[in-house]
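The values are calculated or read from the model by the stated rules, or taken from the named source; none is laboratory data. Predicted model, so just to flag it, every value in this text is computed and none were measured. Heads up, the Cβs are rebuilt from the backbone with ideal geometry, glycines too, and the neighbour counts pull from every protein chain shown. All accessible areas refer to the heavy atoms of the entire protein, side chains included, with ligands and DNA or RNA removed. Shrake-Rupley method; radii C 1.70, N 1.55, O 1.52, S 1.80 Å.
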Amino acid sequence: MKHLFNFKTLNKAFIISFCLLSALPTAQATSQNKLSNSEGILLARANRSSKNSPTKYNDKYILEFNRSPIVGNRMRLRGVYSEGRLGFTRPRSWDIGTVKAEIRFQHSPALFANRSNLTVLVNDTAVGSIPLNRKQSQVGRVLINIPPKLLQEYNELKIVAQQNNTSGCSDPNDPTLWTEILPDSKITFNYNRKPIPLNFSNYPYPFFDNLDLDTNRIVYLKPRTTNESWLEGAARLQASLGRQAEFRPIETDLISDISDVSDNEKLVIIGTPGEQPALKDLDLPRKIAGSQILDSNQNVIPEDTGVLILTTTKKGKVPVLVATGNGSKGVAKAAQFLAQPSSRKMGADRIVFVKKLEEGTTPGKREWPGYLPESSSFELSEIKTQFNGDAFKDVSVRGSAAPPIEIDFRALPDDRFVRGSSMNLVYSYGPQMNPRTSAVEVLLDGVFIGGARLDSDQGAMRKNLKVDLPAKLVKPDSKLQVFFRMNPKEPFDKANCISPPDQQLTGTVHSDTSFDLKRENSVELPNLKLMQYGFPFAAPQDLSETAIVLPQQPSSTDIKTMLAFSERLGRLSRADAVKLDVYTPNTLTPEVLKNEHLVGIGTRDEFPLPSVFKSPGFNLTKSFGRGSAQASVTVPQDSQGMIKQVLNENGDRVVLALTAQTDSGLEKVQQVLKKDPWFFQLKKDTVLISSDKKNPAAYDPDAYQLAFFDNAPETRRIEDTNLLSKMTRMLQENWLLVPAGIVGLSLILYGIVQLYLKRVSTADRK
């Protein structure tokens with residue numbers, strides 16, 4: 001249910017601290033040794049007054065219901081009893097004073113007011129209730145105070161509707177039993193900001209707060225010269241932030257001066273004091289002499305030692321993360337320390353010296369956490385849950401309206417399934433069940449693939465159900481669902497309006513449920529759809545076989561596009577390290593060109609891998625030209641962005657082009673990489689991105705228009721299969737050739753037979 005906690009709004013203020021004790025008389029200055037009796041009484045009274053006076057909360061945040069994908073445009077409650085839920089978090093930096101929930105609703109005019117009501121609960125504690133007595137579906141409004149002590153890190157606001165339209169027994173399926181919670185309902189928080197903790201034991205907080213209701217905003221300070229050391233450090237750090245963010249949004253920007261940072265942003269500074277002279281203007285725990293950092297004994301820190309510092313600016317309102325050193329090796333160590341979960345856990349205090357750092361071991365290309373195990377036969381306990389990475393355990397559900405048991409069944413992107421895959425479901429169910437109407441069902445991505453009756457009213461333990469897994473249905477984002485359709489033996493007593501008890505009905509899926517998969521390693525490239533899962537750039541998961549190539553003098557737009565792509569790769573991968581490389585044309589070696597997947601970034605005239613535009617298919621040409629095998633045109637102005645994937649000339653690698661004719665077109669590419677609604681539309685080998693809006697909203701479905709092309713003149717199948725599998729696949733993909741082959745083979749056999757008969761006839765004559 002982690003998607004419940006992804007909300008955004010535009011309002012965010014910052015803390016105004018004040019202290020009543022500052023207004024006290026200065027008796028202590030006149031008598032430093034001890035206070036007189038009258039002065040002591042005056043001070044005590046002032047202290048009592050300050051304690052009794054109410055605290056002022058100066059900041060306000062409004063959380064609107066329509067920010068939740070669960071609510072969307074409406075939350076409809078149907079039936080005699082119905083619940084709606086909204087999840088929200090409590091940011092770590094908030095000292096919350098008051099919380100008010102404003103619920104706006106409409107309900108059916110057929111409801112009986114004295115038998116229908118709306119109840120609001122927070123973390124299963126009732127905080128308010130109101131009768132549903134509005135006439136002619138008029139809009140109702142209720143304002144409820146939520147005690148701040150009820151709030152935890154993760155919270156659930158539940159709205160329960162009890163609805164009846166008769167004085168007797170209401171039919172639960174009656175369509176007139178409805179209440180709608182309107183999307184402009186909201187929760188208003190009044191709060192103060194807590195002081196920013198400067199301690200690496202809390203990292204990534206305060207630079208990234210996974211409990212924040214607003215978007216985490218991070219800005220990088222550009223150095224004097226953007227060399228490869230800075231680019232690689234920023235790319236790896238952004239990828240690590242993407243991994244920690246998962247589904248939560250991050251906004252990233254570049255600034256040229258510290259004064260440009262806003263109060264609601266977090267600042268990151270990477271580079272040596274010589275590359276980042278602004279470091280001298282910050283309050284640092286170590287001195288900078290000239291362009292070198294000194295230790296506590298005023299000695300120069302070695303060049304290969306990384307230095308990480310936490311500090312603040314804007315009068316303590318903006319946290320600052322500094323990854324520095326007296327040399328490029330030290331800066332690289334500092335950035336890599338934060339990109340490795342196993343190492344950054346060792347951090348403490350506000351300054352860390354990284355003297356030695358071993359990069360994490362590179363995992364295998366097919367070791368993808370959260371996906372199916374590499375072995376063909378495995379048990380359910382070997383599948384890691386996507387939410388927290390824990391192993392799957394026995395799961396039980398209860399009641400006649402039990403929710404499904406969901407299992408992430410994510411195939412690796414280069415898996416090709418063949419016939420014969422199966423699942424052996426091990427399940428149990430309890431007694432007191434109607435065997436005629438109860439069943440267990442297995443669905444794969446909503447498609448029914450198997451089931452069985454729960455045919456014993458005494459219950460059963462550890463039963464087995466073998467289910468065939470259709471080869472074409474298993475995908476990298478598949479989900480298995482096991483439904484227990486459980487109905488009690490006693491019928492519904494409509495005369496007395498008594499529903500039979502159902503909480504004794506239980507169903508369990510056991511963790512030793514096993515799978516036997518028939519699959520092979522085979523994938524066809526180029527294919528932008530596979531990029532939705534990070535393939536092939538996230539194989540292996542530490543990104544060690546992917547290199548980003550930027551122009552020799554990258555612009556701010558180029559760098560922001562690099563950060564957007566790095567963040568996306570971080571969201572799509574899981575490993576103990578980030579080994580993403582960044583190059584410019586002057587440092588790009590033939591070995592890198594041959595052995596790594598390349599990501600070129602830049603406008604058409606500055607693109608660092610011009611061979612991409614020489615390949616057949618749709619291309620951008622100079623002077624705002626466009627060309628393909630079918631046509632060639634020139635346009636006066638081209639503000640579209642383009643994402644294109646082609647095969648590398650050498651080996652089985654691919655080249656991804658993130659490009660455009662202008663910077664505005666490249667900004668559109670950034671937005672597609674950042675925003676899930678558009679990124680998860682990618683397909684084919686080329687996409688053109690356009691927009692008629694200057695600043696489109698993040699959730700506007702019409703903000704960008706994507707045009708897809710499948711112009712690759714050559715595709716290559718990367719596979720590790722035997723000859724029989726290759727022949728079988730070829731026949732499956734080219735089945736129209738089978739009849740022609742049969743006819744051709746028949747003619748050949750007919751010719752051979754005729755030749756043989758002719759020779760036999762000639763021999764008989766002799």
Taking into account only those residues within the stretch 372-394 that are touching a residue at least 60 places away in the same chain (Cβ under 8 Å), closer than 17 Å to Gln481 by Cα and touching a Phe, Trp or Tyr at 6+ places or on another chain (Cβ under 9 Å), which is most open to solvent (accessible area, probe 1.4 Å)? Glu379
Yes or no: the stretch 236-253 includes at least one residue that is of a type outside the set (Lys, Arg) and on the phi > 0 side of the Ramachandran plot. yes
Ile196: open to solvent by less than 20 Å² (accessible area, probe 1.4 Å), of a type outside the set (S, T, N, Q) and more than 30 Å from Ile498 (Cα to Cα), yes or no? no
Inside the stretch 161-179, the number of residues satisfying the requirement of being farther than 14 Å from Ser116 by Cα and buried (at least 17 other Cβ atoms within 10 Å of the Cβ) is 1
Filter the stretch 101-137 for residues that are within 21 Å of Val71 (Cβ to Cβ), of a type in the set (S, T, N, Q) and assigned to a loop (DSSP other than H, G, I, E, B) and give the result. Ser108, Asn123, Ser137
Does the stretch 135-158 contain any residue that is open to solvent by less than 20 Å² (accessible area, probe 1.4 Å) and among the hydroxyl-bearing types (Ser, Thr, Tyr)? no
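If only one of Leu682, Leu706, Leu656 is assigned to a strand (DSSP E or B), touching a residue at least 24 places away in the same chain (Cβ under 8 Å) and more than 15 Å from Ile601 (Cα to Cα), which one is it? Walk me through it before giving the result.
Values: Leu682 fails: assigned to a strand (DSSP E or B); Leu656 fails: more than 15 Å from Ile601 (Cα to Cα).
Being assigned to a strand (DSSP E or B), touching a residue at least 24 places away in the same chain (Cβ under 8 Å) and more than 15 Å from Ile601 (Cα to Cα) holds for just one of Leu682, Leu706, Leu656, which is Leu706.
So, Val646, is that one closer than 17 Å to Leu550 by Cβ and either open to solvent by 30 Å² or more (accessible area, probe 1.4 Å) or β-branched (Val, Ile, Thr) (or both) or not? Before the answer, list the steps.
Values: closer than 17 Å to Leu550 by Cβ: no; either open to solvent by 30 Å² or more (accessible area, probe 1.4 Å) or β-branched (Val, Ile, Thr) (or both): yes.
No: the conditions fail for Val646.
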Those residues of the stretch 279-293 which are assigned to a strand (DSSP E or B), open to solvent by 20 Å² or more (accessible area, probe 1.4 Å), out of contact with any helix residue (DSSP H, G or I) (no Cβ under 7 Å at 6 or more places or on another chain) and within 23 Å of Gln336 (Cβ to Cβ) amount to Gln292
Could you check how many residues of the stretch 536-546 are closer than 24 Å to Phe337 by Cβ and surrounded by 23 or more Cβ atoms within 10 Å (Cβ to Cβ)? 6
Counting only residues that are of a type in the set (Val, Ile, Thr) and touching a helix residue (DSSP H, G or I) at 6+ places or on another chain (Cβ under 9 Å), the stretch 213-241 contains a total of 3
In the stretch 515-535, what residues are touching a strand residue (DSSP E or B) at 6+ places or on another chain (Cβ under 9 Å), open to solvent by less than 40 Å² (accessible area, probe 1.4 Å) and modelled with pLDDT of 95 or more? Phe515, Leu517, Leu528, Leu530, Met531, Phe535
Has the stretch 305-321 got at least one residue that is open to solvent by 30 Å² or more (accessible area, probe 1.4 Å), touching a strand residue (DSSP E or B) at 6+ places or on another chain (Cβ under 8 Å), modelled with pLDDT of 95 or more and within 20 Å of Asn199 (Cβ to Cβ)? yes
Tell me yes or no: at least one residue of the stretch 553-572 is within 24 Å of Arg217 (Cβ to Cβ) and of a type in the set (Phe, Trp, Tyr). yes
Would you confirm, using the coordinates I've provided, whether Thr272 is modelled with pLDDT under 95, farther than 26 Å from Val672 by Cα and among the hydroxyl-bearing types (Ser, Thr, Tyr)? no
Unmet requirement for Gln136, which otherwise passes all of (1) under 30 Å from the mean Cα position of the chain (by Cα); (2) farther than 28 Å from Ser499 by Cβ: (1)
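Conditions (1) open to solvent by 40 Å² or more (accessible area, probe 1.4 Å); (2) at positive phi; (3) touching a residue at least 60 places away in the same chain (Cβ under 8 Å), marked per residue:
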site	(1), (2), (3)
Val397	no, no, yes
Pro404	yes, no, yes
Phe409	no, no, yes
Leu412	no, no, yes
Gly420	yes, yes, yes
Pro431	yes, no, yes
Pro435	no, no, no
Leu443	no, no, no
When you scan the stretch 233-278, how many residues do you find that are over 24 Å from Thr313 (Cα atoms) and open to solvent by 50 Å² or more (accessible area, probe 1.4 Å)? 1
Being open to solvent by 10 Å² or more (accessible area, probe 1.4 Å) and of a type in the set (A, V, I, L, M) is the filter here, so list the residues in the stretch 649-687 that pass it. Val655
Can you pull out every residue in the stretch 574-629 that is exposed (fewer than 14 other Cβ atoms within 10 Å of the Cβ) and among the basic types (Lys, Arg)? Lys594, Lys614, Lys622
Does the stretch 456-471 contain at least one residue that is assigned to a strand (DSSP E or B), of a type in the set (A, V, I, L, M), open to solvent by 90 Å² or more (accessible area, probe 1.4 Å) and touching a strand residue (DSSP E or B) at 6+ places or on another chain (Cβ under 6 Å)? yes
Some residue of the stretch 551-566 being assigned to a helix (DSSP H, G or I), under 24 Å from Asp652 (Cβ atoms) and open to solvent by less than 10 Å² (accessible area, probe 1.4 Å): yes
Considering every residue within the stretch 342-363, establish whether at least one is open to solvent by 40 Å² or more (accessible area, probe 1.4 Å), of a type in the set (A, V, I, L, M, F, W, C) and either without any contact (Cβ under 8 Å) to a residue 24 or more places away in the chain or touching a His at 6+ places or on another chain (Cβ under 8 Å) (or both). yes
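Here's the yes/no breakdown for (1) more than 28 Å from Pro616 (Cβ to Cβ); (2) under 37 Å from the mean Cα position of the chain (by Cα); (3) part of a helix (DSSP H, G or I); (4) at pLDDT 70 or above:
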{"position": "Glu714", "(1), (2), (3), (4)": "no, yes, no, yes"}
{"position": "Glu719", "(1), (2), (3), (4)": "no, yes, no, yes"}
{"position": "Lys726", "(1), (2), (3), (4)": "no, yes, yes, no"}
{"position": "Pro739", "(1), (2), (3), (4)": "yes, no, yes, yes"}
{"position": "Val743", "(1), (2), (3), (4)": "yes, no, yes, yes"}
{"position": "Ser746", "(1), (2), (3), (4)": "yes, no, yes, yes"}
{"position": "Leu749", "(1), (2), (3), (4)": "yes, no, yes, yes"}
{"position": "Thr762", "(1), (2), (3), (4)": "yes, no, yes, yes"}
Which condition number in (1) modelled with pLDDT of 80 or more; (2) open to solvent by 10 Å² or more (accessible area, probe 1.4 Å); (3) not in a strand (DSSP E or B) is the one that Asp638 fails? (2)
For the stretch 205-232 the number of residues that are open to solvent by 20 Å² or more (accessible area, probe 1.4 Å) and more than 24 Å from Asp59 (Cβ to Cβ) is 8
